[in-house]
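Only one structure is covered here, and it is reproduced in the block below.
The values are calculated or read from the model by the stated rules, or taken from the named source; none is laboratory data. Keep in mind that what you see is a predicted model, and the values were worked out from it rather than measured. Heads up, the Cβs are rebuilt from the backbone with ideal geometry, glycines too, and the neighbour counts pull from every protein chain shown. Each accessible area value is taken on the protein alone, full model and side chains, heavy atoms only, with ligands, DNA and RNA left out. Shrake-Rupley method; radii C 1.70, N 1.55, O 1.52, S 1.80 Å.
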Number of protein chains: 2
Amino acid sequence: MLRSLPLSEVYRLLEPGPVVLLTTAHRGRANVMTLSWHLMMEFDPPLVGCLVSGANHSFTALRKTRECVIALPAAALAPKVVQVGNASGRDLDKFEAFGLTPKPAKRVAAPLVAECFADLECRVADTRFVPKYNFFVLEVVQAWIDPGQRRAKTLHHQGGGTFVLDGPTIRLRSNKP
Amino acid sequence: MLRSLPLSEVYRLLEPGPVVLLTTAHRGRANVMTLSWHLMMEFDPPLVGCLVSGANHSFTALRKTRECVIALPAAALAPKVVQVGNASGRDLDKFEAFGLTPKPAKRVAAPLVAECFADLECRVADTRFVPKYNFFVLEVVQAWIDPGQRRAKTLHHQGGGTFVLDGPTIRLRSNKP
């Protein structure tokens, strides 16, 4: 059962730079892609910048529907994450092909991913940098976390299919959020 | 001794989402700040987007000089990284205060950081999103790597002084760069 996560805590999920899944729904079809080129841009309401290449099938869906879900996979999902990244939604239903389960979101048509430990429902907030950089500014309008997957370890892509997994956590006295 | 890193490999350093240091030089003074809100935007020449708040002393230096260095600290530098993040260059010379060593760069006035395992010399390529988001697009014009710190483990900030360190590395069959 997912729990609603305060929007002010979303940055804690994305700031560490995990590989994420991005889902869209367009013309009655859901799709999912992998994404590592993203950054936080504002705390609350949370703004997220991400780069979705025009070569991706999701690009058109994102531009037309102006909605998506960013879903965070734990490290155990790494093989599926790579399968999603290797395939195109042009050719197949990646949810079905790779055993991922789309779940209805609350505020957008794009689906949550049941296997992920967090889901961020997003609306496109700014497209002015899309023509030059394929860079979308998203606003997170609803966030979910799975209390059953506490302290999930995430994946970080180092290029060419090499991923570093989260290791130990340390705490230091920071005066920053 | 630093080795020049091909620009086409820069994304492998930043895509995993490490905490980085950003240095500037303005009016004869070098400064350094911590940064986690960054993303890759293009492979080669590498473009990097980053968000530097107007509250940071580095903001003015970056806007006026249009140059900076992104330096990558390994996990052992975590205490210094946090000290840098807790202080402002308005008040003190953070290099001297926290025992970091500025080194001349090749193509920009901002310094490299001798203790870091990689340094990316950057020029500001686009400031159109600065007024609204404090978002700078940087082009990496020269990259350096320290062969003496191979396979450095990096830091990822989870908010509030909690950092996750790089753990194990896995390789999967990806058809993506």
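A few notes on this one:
- Prolate is the label for segment A:78-126, because a/c, from the alpha-carbon gyration tensor with a ≥ b ≥ c as root eigenvalues, is 1.5 or above and a/b exceeds b/c.
- The two copies B and A are related by a rotation, and the chain B beta carbon nearest its axis, with distance in whole angstrom, is B:17, 1.
- ³J(HN,Hα), Karplus 6.51/-1.76/1.60, whole Hz, each residue of segment A:10-18, x for Gly, Pro: 4, 4, 5, 7, 9, 4, x, x, x
- For the pair segment B:137-177 / segment A:8-87, the C-alpha centres are spaced 20 Å from each other.
- A/B buried area, accessible surface, summed, 1.4 Å probe, Å²: 4900
- Scanning residues 5 or more positions from residue A:41 or on other chains, those with amide H under 5 Å from its amide H are A:47, A:48, A:49, with H placed 1.01 Å from N in the peptide plane.
- Taking θ as phi - 60° and the Karplus parameters 6.51, -1.76 and 1.60, the scalar couplings of segment A:127-134 work out to 10, 5, 9, 5, x, 8, 10, 6 Hz in sequence order, x denoting glycine and proline.
- With contacts taken as Cα pairs under 8 Å and at least 6 residues apart, segment B:72-133 reaches a relative contact order of 28 percent.
- The mean count of C-beta atoms from other chains within 10 Å of the C-beta of residues in A:10-17, rounded to a whole number, is 6.
- Note on segment B:1-102: percent of Cα-Cα distances in each 5 Å bin, starting at 0 and stopping at the bin with the largest distance, equals 2, 11, 23, 24, 21, 14, 5, 0.
- Prolate/oblate/rounded label for segment A:1-55 (Cα gyration tensor, a/c 1.5): oblate
- Kirkwood estimate for the protein assembly as shown, i.e. one over the average of 1/r between Cα atoms, Å: 20.3
- Annotation: amide H-H contacts under 5 Å for residue A:117 (H modelled 1.01 Å from N, sequence separation of 5 or more, or interchain): A:72, A:74.
- Formal net charge of residues neighbouring residue A:55 (Cβ-Cβ distance under 15 Å; K, R +1; D, E -1): +1
- Set B:80/B:106; A:64/A:103; A:80/A:176; A:132/B:103; A:80/A:132 screened for pairs whose C-alpha atoms are more than 23 Å apart: B:80/B:106; A:80/A:176; A:132/B:103; A:80/A:132
- Solvent-accessible area assigned to carbon and sulfur over segment B:42-81 amounts to 54 percent, based on a 1.4 Å probe.
- Local electrostatic count, residue B:105, Cβ distance below 10 Å [Lys/Arg +1, Asp/Glu -1]: 0
- Å² per residue, accessible surface of segment B:66-177 at 1.4 Å: 44
- Applied to segment A:44-53, the Karplus parametrisation 6.51 cos²θ - 1.76 cosθ + 1.60 on θ = phi - 60° returns per-residue 3J(HN,Hα) values of 7, x, x, 10, 10, x, 8, 10, 10, 4 Hz, with x for Gly and Pro.
- Helix-only [θ]222 nm of chain A, DSSP H runs n ≥ 4, -39500 (n - 2.57) each, per residue, nearest 500: -4000 deg cm²/dmol
- Ascending distances from the residue A:132 label point to its copies in the other chains, with the point 7 Å along the Cα-to-beta-carbon line: 1.2 nm.
- For residue A:155, the residues whose modelled amide H falls within less than 5 Å of its own, excluding neighbours fewer than 5 places apart on the same chain, are A:19.
- Here the contact order of segment B:1-92, divided by its residue count and restricted to Cα pairs under 8 Å and six or more residues apart, works out to 31 percent.
- Over chain B, relative contact order from alpha-carbon pairs under 8 Å, at least 6 apart, %: 27
- Over all pairs of different C-alpha atoms in segment A:23-177, the reciprocal of the mean inverse distance, the Kirkwood hydrodynamic radius, equals 16.3 Å.
- Against the criterion of solvent-accessible heavy-atom surface with a 1.4 angstrom probe, A:163, A:98, B:43 sort, most first, into B:43, A:98, A:163.
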